[in-house]
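Student: Quick one: the structure is below, and I'll ask about it shortly.
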Amino acid sequence: MFKKTLLAITLATAMSPAYAVDFDLNDLVPATADTAATVDTSATKEVDGVVIAEDPKAAVVAAHQSLIEEVGDGVKMIAVGSGIGILSTGTASYNNYDNPNASLLSKRGAYTRAFQVAKKQLVENFEGVQNACTTAASETIDAIDSGTESVANTTADLEQNCKESVSGALAGYVTFDVYDDPESKMVTVSLISTPKTREQTKRQVGALTQTTDPNSIFKHIIQDLSKGILPPVGAKVLTNPESGEAYVIGFGSSIIRKNKTPAVERKLKQASVKQSQSLARNALLSVMQGEKVYWEGGFDESQTEKNQQFDYHPETLDPSQVTVLEDNKHTFMNQFKMSDSYKSVASGQLPPGVNVKNFASADGNWMMAIAVYSPSLEKTASDAAKENEIRVREGQTQGNRHKISSDGLSDKDNAGRGPSGQVSNANDL
């Protein structure tokens, strides 16, 4: 579905001289099994829980590969150019159905769940976990002795339940890697947060300077996306190599539903465009302004073990009426329940100049969207808004005013076809 290749995230170089390597993930191939040999990770080591290598790229690859191979879900601390980074990986499974729409929705749901897991783990690492557990254990013995024999029933019960929760604000992370494994029907989403990503995703309020024209910005972004992947969730940071300006890109996705009626299918495709655009804007808002992330989870487990040598009469507990069993009767029963509930909330107003573009996947199954912010785009939009306000005020002071007439409705088509065609040359905008 999505081509696995390079990711463009740029991390700074502000560590000790031993690690003062210009770390640019434009050069980095995600650490999946088929690309593990691309970056030499033989010199990496883990010191006090932090993965370290002379080349920070190798540290990121080694940490990511370790998460994928060991547990799938989890976090690793990594030494990168701008300080200590945190890599978080989440996984989720999906199913295939006879209805292709259902298969795609199941897969998209898996990406979303894996994304939520990875975000929860970042917040958990930053804020910690609220934890409360209760354990109750009991044992009983019921013994009966007569003049000729002795029997006894024993019971051991165990109950455990734990409730945990994570709550906190999250911003400044970017998507490091996404991966779909059709064989195991599982998707993986990896997020990374470093001092530089947290700094680059800030809105530069009060320091707007137009350094790059919009056409050049989108040309650079399209070139980057064409050689990489377009993930269905998350965000990334792309740095202009000439101006040094950082672009923040939010990703959104929707499936393109199939329908037997062409007119309905067209409307569904239009709906996928709107849905993906909304999600891309929210992804951009989340990484720039922050979002609230909540998780609640826990388990309940109950267990009973019995050793029975007699049965009571069904109508009485009189010990003289019990029936002695020929053989001891052993029973064991355990019930386990676990739940996880994830929620994230991001709301607010995006800066002026945020532009959204849509792309349909090559197989026609996915509608992808990117929402792009850069200081240059904000500066251009802000200048245009000021010019528009001036023009509106000028227009309000000119011309005669009168109440509009509601008469004049006609059945005749005397207007002809309206103007149809391109008005402005893209090179002139």
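Student: I want to confirm something. Restricting to segment 324-344 and keeping residues that are among the aliphatic types (A, V, I, L, M) and loosely packed, with under 11 Cβ neighbours inside 10 Å, which single residue is nearest to GLN121 (Cα to Cα)?
Tutor: Pass one, segment 324-344, residues among the aliphatic types (A, V, I, L, M): 324-325, 333, 338.
Retained after the next criterion (residues that are loosely packed, with under 11 Cβ neighbours inside 10 Å): 333, 338.
On the way: MET333: 34, MET338: 18 Å.
Only one residue tops the list, namely MET338.
Student: How many of the residues in segment 305-323 are in contact with a Leu (Cβ under 8 Å, 6 or more places away or on another chain) and surrounded by 15 or more Cβ atoms within 10 Å (Cβ to Cβ)?
Tutor: Here is the first cut: in segment 305-323, the ones in contact with a Leu (Cβ under 8 Å, 6 or more places away or on another chain) are 308-311.
Keeping just the survivors that are surrounded by 15 or more Cβ atoms within 10 Å (Cβ to Cβ) gives 308-310.
Summing the residues that are in contact with a Leu (Cβ under 8 Å, 6 or more places away or on another chain) and surrounded by 15 or more Cβ atoms within 10 Å (Cβ to Cβ) in segment 305-323 gives 3.
Student: In segment 339-374, how many residues are out of contact with any strand residue (DSSP E or B) (no Cβ under 8 Å at 6 or more places or on another chain) and not polar (S, T, N, Q)?
Tutor: The initial filter retains those residues of segment 339-374 that are out of contact with any strand residue (DSSP E or B) (no Cβ under 8 Å at 6 or more places or on another chain), namely 347-349, 352, 362-364.
From the residues that got through so far, the ones that are not polar (S, T, N, Q) too are 348, 352, 362-364.
The number of residues fulfilling the criteria is 5.
Student: Would you check which residues across segment 252-284 are among the β-branched types (Val, Ile, Thr) and farther than 25 Å from PHE115 by Cα and list them? Even if it seems obvious, please write down each step before you answer.
Tutor: So in segment 252-284, the residues among the β-branched types (Val, Ile, Thr) come out as 255-256, 261, 264, 273.
Across segment 252-284, the qualifying residues are THR261, VAL264.
Student: Then there's this: Any residue at all in segment 355-372 that is small (Gly, Ala, Ser), under 20 Å from VAL174 (Cα atoms) and in a helix (DSSP H, G or I)? Spell out how you get there, then give the answer.
Tutor: Taking segment 355-372 first, the residues small (Gly, Ala, Ser) are 360-362, 364, 369, 371.
From the residues that got through so far, the ones that are under 20 Å from VAL174 (Cα atoms) too are 369, 371.
Applying the additional criterion that residues be in a helix (DSSP H, G or I) yields none.
No, that holds for no residue.
Student: Which pairs do you get when a residue that is without any contact (Cβ under 8 Å) to a residue 12 or more places away in the chain, found in segment 40-62, comes within reach of a residue that is surrounded by 16 or more Cβ atoms within 10 Å (Cβ to Cβ), reach meaning Cβ atoms under 7 angstrom, with the pair 6+ apart or on two chains?
Tutor: LYS45/ILE52
Student: Among the residues of segment 298-316, which ones are without any contact (Cβ under 8 Å) to a residue 12 or more places away in the chain and of a type outside the set (D, E, K, R)?
Tutor: Of segment 298-316, the ones without any contact (Cβ under 8 Å) to a residue 12 or more places away in the chain are 312-316.
Selection gives TYR312, HIS313, PRO314, THR316.
Student: Among the residues of segment 50-69 satisfying the criterion of being more than 21 Å from the chain's Cα centre (by Cα) and outside any strand (DSSP E or B), which is surrounded by the fewest Cβ atoms within 10 Å (Cβ to Cβ)? Let's see the steps before the verdict.
Tutor: We begin by selecting, within segment 50-69, every residue more than 21 Å from the chain's Cα centre (by Cα); these are 50-59, 62.
Then keep just the ones that are outside any strand (DSSP E or B); that gives 53-59, 62.
On the way: ALA53: 24, GLU54: 12, ASP55: 16, PRO56: 28, LYS57: 23, ALA58: 21, ALA59: 29, ALA62: 25.
Here the residue is GLU54.
Student: Taking segment 70-105 on its own, how many of its residues are among the aliphatic types (A, V, I, L, M), surrounded by fewer than 20 Cβ atoms within 10 Å (Cβ to Cβ) and touching a Gly at 6+ places or on another chain (Cβ under 7 Å)?
Tutor: 1
Student: Can I ask one more? Looking for whichever is at pLDDT below 90, surrounded by 15 or more Cβ atoms within 10 Å (Cβ to Cβ), of a type in the set (Lys, Arg) and part of a loop (DSSP other than H, G, I, E, B) here; the options are ARG198, ARG203. Which one fits? Walk me through how you get there before you give the answer.
Tutor: Details: ARG198 fails: part of a loop (DSSP other than H, G, I, E, B).
None of the others qualify; the one that does is ARG203.
Student: Residue by residue through segment 150-169, note down the ones that are among the charged types (D, E, K, R) and either more than 26 Å from the chain's Cα centre (by Cα) or crowded, with 16+ Cβ neighbours inside 10 Å (or both). Before you say what the answer is, go through the steps one by one.
Tutor: Let us first name the residues in segment 150-169 that are among the charged types (D, E, K, R), namely 157, 159, 163-164.
Of everything in segment 150-169, those that are among the charged types (D, E, K, R) and either more than 26 Å from the chain's Cα centre (by Cα) or crowded, with 16+ Cβ neighbours inside 10 Å (or both) turn out to be ASP157, GLU159, GLU164.
Student: Could you identify the single residue in SER347, SER339, SER320 that is outside any strand (DSSP E or B), of a type in the set (S, T, N, Q) and over 30 Å from VAL237 (Cα atoms)? Full working, then the answer.
Tutor: Details: SER347 fails: over 30 Å from VAL237 (Cα atoms); SER339 fails: outside any strand (DSSP E or B).
Every option except SER320 fails the conditions.
Student: Moving on. Could you list, ordered by first residue, the pairs with Cβ atoms under 7 Å in which the first is in segment 360-372 and surrounded by 21 or more Cβ atoms within 10 Å (Cβ to Cβ) and the second is among the aromatic types (Phe, Trp, Tyr) and at pLDDT below 90, at least 6 apart or interchain?
Tutor: Listed pairs, sorted by first residue: MET368/PHE359; VAL372/TYR247.
Student: Hey, can you tell me all the residues within segment 125-167 that are at pLDDT 95 or above, in contact with a Gly (Cβ under 9 Å, 6 or more places away or on another chain) and of a type in the set (D, E, K, R)?
Tutor: Across segment 125-167, the qualifying residues are LYS163, GLU164.
Student: Check GLY83, GLY90, GLY109, GLY72 and return the single one that is within 17 Å of the chain's Cα centre (by Cα), in contact (Cβ under 8 Å) with a residue 12 or more places away in the chain and on the phi > 0 side of the Ramachandran plot. So that I can check it myself, show each step before the final result.
Tutor: Working: GLY83 fails: within 17 Å of the chain's Cα centre (by Cα); GLY90 fails: on the phi > 0 side of the Ramachandran plot; GLY109 fails: on the phi > 0 side of the Ramachandran plot.
Going through GLY83, GLY90, GLY109, GLY72 in turn, the sole match is GLY72.
Student: A follow-up question, please. Tell me which residues, restricted to segment 319-350, are closer than 19 Å to ALA283 by Cα and either hydroxyl-bearing (Ser, Thr, Tyr) or at pLDDT below 90 (or both). Before the answer, list the steps.
Tutor: Quick first cut of segment 319-350, residues closer than 19 Å to ALA283 by Cα only: 342-350.
Answer for segment 319-350, where residues must be closer than 19 Å to ALA283 by Cα and either hydroxyl-bearing (Ser, Thr, Tyr) or at pLDDT below 90 (or both): TYR342, SER344, SER347.
Student: What number of residues in segment 107-117 are crowded, with 17+ Cβ neighbours inside 10 Å and either small (Gly, Ala, Ser) or farther than 25 Å from LYS292 by Cβ (or both)?
Tutor: The total comes to 3.
Student: Restricting to segment 256-303, name every residue that is among the β-branched types (Val, Ile, Thr), surrounded by 15 or more Cβ atoms within 10 Å (Cβ to Cβ) and over 14 Å from the mean Cα position of the chain (by Cα).
Tutor: First, pick out the residues of segment 256-303 that are among the β-branched types (Val, Ile, Thr): 256, 261, 264, 273, 287, 293.
Then drop every residue that is not surrounded by 15 or more Cβ atoms within 10 Å (Cβ to Cβ), which leaves 256, 273, 287, 293.
Listed by number, the residues that qualify are ILE256, VAL273.
Student: While we're looking at this one, here's another question. Quick check, is ILE68 under 27 Å from ASN365 (Cβ atoms) and at pLDDT 75 or above?
Tutor: Taking the combined requirement at face value, the residue satisfies it.
Student: Moving on to the next point. Checking the structure you have, find out if any residue of segment 172-190 is under 22 Å from PRO351 (Cα atoms) and outside any strand (DSSP E or B).
Tutor: To start, the set of residues in segment 172-190 that are under 22 Å from PRO351 (Cα atoms) comprises 172-175.
Then keep just the ones that are outside any strand (DSSP E or B); that gives 172-173.
Yes, there is a match, as at least one residue in segment 172-190 is under 22 Å from PRO351 (Cα atoms) and outside any strand (DSSP E or B).
The values are calculated or read from the model by the stated rules, or taken from the named source; none is laboratory data. Computed from a predicted structure; not experimentally measured. Neighbour counts run over all protein chains shown; Cβ positions are idealised from the backbone, glycine included.
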